[in-house]
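Okay, so here's the structure we're looking at.
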Amino acid sequence: MNKQFKRMVKCDVCKMMIDIDKSGNGECENCGWRQSEESFRHPNVAGIRNIPALNNAIKQYNNGGSATLANFNDFANAYRNYGEVEFTLDHTRYGLLFDDIENKIALLNIQTGEKQLYSDIDDFVSNAKLNGILLNDIWENVTNTDFLQET
């Protein structure tokens, strides 16, 4: 980070002091939150530099949870706003992305390449299952949420 543009502010989530750049971006070493002016201006919107919405990240952190692990609703909304997201469940990475060939949303098991197709994000939210269990019902076991990395 260019020192002439660096300044210190409180993290929007945990209130620890962090360095931000001239655009208001920085990363908190304490809670992992990726600080941004856009997230601050739209605290209920998921998928702005972080998967969870700022207000949900604050609630989760204040309740002893992770500031960067999205709940199921924020995960789906991050897909709506960003388009490609991933999560880890039982040490397996899954990606949620648009399948151009099938013209549908795909839930992709990144390790095996297996995919489930959904007509839209609402279909995914209502019907996505892993091992016969609705994803929403086992979401508490998810250990990571992020924007989709390499598949």
Reported set for the range 1-40 where residues are modelled with pLDDT under 95 and of a type in the set (Lys, Arg) is Lys3, Lys6, Arg7, Lys22
Restricting attention to the range 139-146, does a residue exist that is among the β-branched types (Val, Ile, Thr), surrounded by 13 or more Cβ atoms within 10 Å (Cβ to Cβ) and under 15 Å from the mean Cα position of the chain (by Cα)? yes
So which pairs qualify, if the first residue must be in the range 53-73 and closer than 15 Å to Glu27 by Cα, the second must be part of a helix (DSSP H, G or I), the Cβ gap must be under 6 Å, and the two must be at least 6 apart or on different chains? Leu54/Ser39; Ala67/Ala57; Ala67/Tyr61
Among the residues of the range 52-93 satisfying the criterion of being surrounded by fewer than 19 Cβ atoms within 10 Å (Cβ to Cβ) and β-branched (Val, Ile, Thr), which is nearest to Gln111 (Cα to Cα)? Thr92
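The values are calculated or read from the model by the stated rules, or taken from the named source; none is laboratory data. All values derive from a computational prediction rather than experimental measurement. When we count neighbours, we look across all protein chains shown, and the Cβ atoms used for this are built from the backbone with ideal geometry, even at glycine.
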